[in-house]
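Working notes, beginning with the structure itself.
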Amino acid sequence: MLSIKNLKASIDGKEILRGLNLEIKAGEVHAIMGPNGSGKSTLASVIAGREDYEIDGGEVTFNDKNMLELAPEERAAEGMFLAFQYPVEIPGVSNINFLKTAINEIREYKGLGKMAAKEFLARVKEKKELVELKDNLASRSVNAGFSGGEKKRNEIFQMAMLEPKLAILDETDSGLDIDALRIVANGVNRLKSDDNATVVITHYQRLLDYIVPDFVHVLYQGQIVKSGGKDLALELEEKGYDWLTKGDTVTEEA
Amino acid sequence: MSNTLSIDKKGKFLEQFSSEKKEISGISKLAEIALEGLSFPTTRDEYWKYTRLTKIQNGSFSIQKFQGTSQVHSINERALHIECINGFFQEPVGDIQQGVTIESLLEVDSSISAFQDEFFTALNTAYFTSGIRVIVEPGVQVEKSIQLNFLSVGSDLQVQPRIEVVVGQGASCNMIYNWHNNGQSGNFYNVNSEMQLAKNGDLNVHQLQTGGDENYLINSTYVAQQRDSRFAIHTICLEGKILRNNLNIKVEGENCDTKLNGVYLGQGSQHMDNHTYVDHIAPNCQSSENYKGVLNDKSTGVFNGKVMVQPNAQKISATQSNQNVLLSDDATINSKPELEIYADDVVCAHGSTTGQLDDEAVFYLRSRGVSEKSAKKMLIKAFIFDVLEDIKLESFKDHVEGIVEDKFEV
């Protein structure tokens with residue numbers, strides 16, 4: 001589904017990703033962990049198409065299409081979704097109206113007609129329940145005045161509405177209390193299917209108790225330095241990252 | 001030398017107006033005399049610092065009386081329409097409510113304007129093409145909006161309508177000024193309005209400035225408020241080669257409410273200039289002003305808002321805000337909010353901001369599948385949302401929202 005080969009990216013001349021490789025298949029859940037500054041959020045941003053980054057090499061293909069050539073909205077239309085670490089507040093733009101525009105523009109991209117209002121509203125109702133989003137939050141301005149937990153829930157609500165093939169959750173757990181974490185994880189789990197894949201980027205093992213990954217990767221200095229099963233997360237929790245990041249031999253292992 | 005030259009230029013400019021008007025009397029005569037002493041405004045004048053009028057000064061404008069049937073362009077189906085074609089008011093279309101008088105203004109017998117000091121006000125006062133007077137009797141609540149539709153048939157015309165509005169004690173009225181674009185060019189609109197609100201009067205004015213990008217509009221409005229009156233004006237600037245609004249409000253009585261809202265959306269090489277002046281003479285009043293501008297391409301915006309609080313005007317609450325978004329590197333805004341306060345027990349606040357669309361917000365929307373164009377449009381709409389939201393006349397608001405939607409193909 002998603003194939004990243006030798007991806008190199010920089011910002012303001014500073015190298016962040018230094019030859020990153022990752023393969024993700026439909027139905028899989030991958031966790032990407034790593035210390036601060038290892039390039040986790042950069043990876044998410046580059047995949048989603050944030051223009052601040054310079055792509056210095058490598059490739060990102062998604063269902064055999066070269067993603068690096070596409071605009072962010074085209075990537076979304078192809079079925080990618082990024083849940084932001086810091087969801088943006090947009091006063092004056094209503095959640096519902098913007099999602100309606102997004103869904104219809106994605107449908108247009110696929111050569112489909114507009115979604116019927118009735119169908120749209122039914123989807124809103126269904127997905128709102130999925131993330132236990134309060135009634136008024138859906139119709140309010142995007143994230144404006146939302147609490148941290150509400151913002152993250154709104155990300156998952158949008159994800160549910162857009163039904164992506166690949167969802168990348170960038171530190172979705174950061175700043176969440178345990179109840180919000182449970183709700184968010186529950187939403188993600190219920191959206192999981194054999195046809196879609198999820199990438200969970202996180203700092204802490206905690207989230208992985210709720211969203212159980214098939215694979216865990218450790219990102220360090222812009223490369224995946226170790227990959228393993230879900231037990232690797234527990235090992236990291238216990239030992240920290242030091243044992244992986246000591247010495248050049250480790251970084252070159254990938 | 002240069003002085004003689006500018007006098008000659010002014011003389012030449014004025015001649016095309018004076019030669020068209022035969023008999024002048026009353027206040028118009030005084031205005032004509034005042035014009036002799038007034039010089040044509042240039043960017044050396046503080047009041048016109050950012051608006052260059054050379055194109056108007058060098059233009060040649062003739063009067064052309066429109067013959068034929070008028071056509072009603074409606075914003076508001078529930079309005080009493082008055083067409084003003086080439087600067088000549090036609091008969092109102094529809095029934096006029098009892099207690100409302102709409103009459104031709106043949107002679108100016110009084111004025112609350114600054115015709116002695118302001119060149120274009122004097123020009124209109126002396127040589128207006130035609131005028132109407134709207135009188136709302138005390139206690140009358142005017143049900144339908146009174147809508148003035150300005151359009152021109154032909155090019156290089158001098159279009160100088162004059163409007164007087166008198167809202168009686170306890171009366172209320174909605175007015176709409178609607179400029180139409182028929183694709184003409186080189187027309188010079190010099191509009192002058194005088195609006196008087198008696199005690200407890202209520203007047204809401206809505207202006208939709210869509211008179212075409214090849215025409216000039218200088219639009220001067222003078223308002224006088226007696227005690228307990230409420231005045232609100234919503235100015236939507238969308239089209240104009242040079243567009244200048246001079247809005248002057250004298251709050252003469254206590255306990256008045258004054259609201260000035262404006263939106264200007266500039267593109268191409270449009271020039272949009274809003275000058276406002278609220279003069280608080282009496283105590284215990286409140287005024288609020290909110291102007292928002294979005295400027296694209298090489299367009300220019302000017303905002304100059306002044307709030308004056310006179311020595312006796314205690315307990316005034318005045319707010320003033322001007323916010324701008326520049327969409328291109330070549331767009332310009334000159335923003336100058338001013339407060340001048342001579343009373344010591346007042347609450348006044350003013351502010352001006354200029355920025356760009358939030359890149360983070362654009363990326364956020366795009367990452368959800370919204371195109372860059374739609375994302376920017378959404379953010380622009382969101383930016384001006386509160387100004388439009390403040391328009392109480394729903395039909396006008398809906399109409400404006402539709403036009404704004406179409407306007408920005410960023």
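Some observations on this one:
- Strands (runs of 3 or more DSSP E) enclosed by segment A:47-156 - at least 2 residues per element that are farther than 21 Å from residue B:361 by Cα, touching a helix residue (DSSP H, G or I) at 6+ places or on another chain (Cβ under 9 Å) and open to solvent by 30 Å² or more (accessible area, probe 1.4 Å): A:54-62
- Scanning segment B:100-120 for residues that are open to solvent by less than 40 Å² (accessible area, probe 1.4 Å) and either touching a helix residue (DSSP H, G or I) at 6+ places or on another chain (Cβ under 8 Å) or in a strand (DSSP E or B) (or both) turns up B:100, B:102, B:108, B:111, B:113, B:114, B:115, B:119.
- Tally, over segment A:1-45, of residues that are without any contact (Cβ under 8 Å) to a residue 24 or more places away in the chain and of a type in the set (D, E, K, R): 3
- When residue B:327 is tested against (1) in contact (Cβ under 8 Å) with a residue 12 or more places away in the chain; (2) within 14 Å of chain A (Cβ to nearest Cβ); (3) more than 30 Å from residue B:280 (Cα to Cα), exactly one condition is not met: (2).
- Selection from segment A:54-86 of residues that are among the hydroxyl-bearing types (Ser, Thr, Tyr) and at pLDDT 95 or above: A:61
- Checked against the criterion of being hydroxyl-bearing (Ser, Thr, Tyr) and under 15 Å from residue A:170 (Cβ atoms), the candidates A:61, A:42 yield just one match: A:42.
- Taking the numbered list (1) in contact (Cβ under 8 Å) with a residue 12 or more places away in the chain; (2) within 10 Å of another protein chain (Cβ to nearest Cβ) in turn, residue A:108 passes all entries but (1).
- Taking the numbered list (1) surrounded by 22 or more Cβ atoms within 10 Å (Cβ to Cβ); (2) not in a strand (DSSP E or B) in turn, residue A:36 passes all entries but (1).
- Residue in segment A:47-55 that is within 14 Å of chain B (Cβ to nearest Cβ), within 23 Å of residue A:227 (Cα to Cα) and touching a residue at least 40 places away in the same chain (Cβ under 8 Å) present: yes
- Test: residue B:317 is of a type outside the set (A, V, I, L, M, F, W, C), crowded, with 19+ Cβ neighbours inside 10 Å and more than 19 Å from residue B:209 (Cβ to Cβ): no
- Every condition in (1) away from chain B (no Cβ under 14 Å); (2) in contact with an Asp or Glu (Cβ under 6 Å, 6 or more places away or on another chain) is met by residue A:88 except one, and the failing one is (1).
- Of all residues making up segment B:154-192, the number that are touching a Cys at 6+ places or on another chain (Cβ under 7 Å) and of a type in the set (Val, Ile, Thr): 1
The values are calculated or read from the model by the stated rules, or taken from the named source; none is laboratory data. Here the structure is a predicted model, which is why all the values come from computation and not from measurement. Every residue, glycine among them, receives a Cβ derived from its backbone with ideal geometry; neighbour counts consider all protein chains shown. We work out accessible area using only protein heavy atoms, side chains counted, and drop any ligands, DNA or RNA first. Shrake-Rupley method; radii C 1.70, N 1.55, O 1.52, S 1.80 Å.
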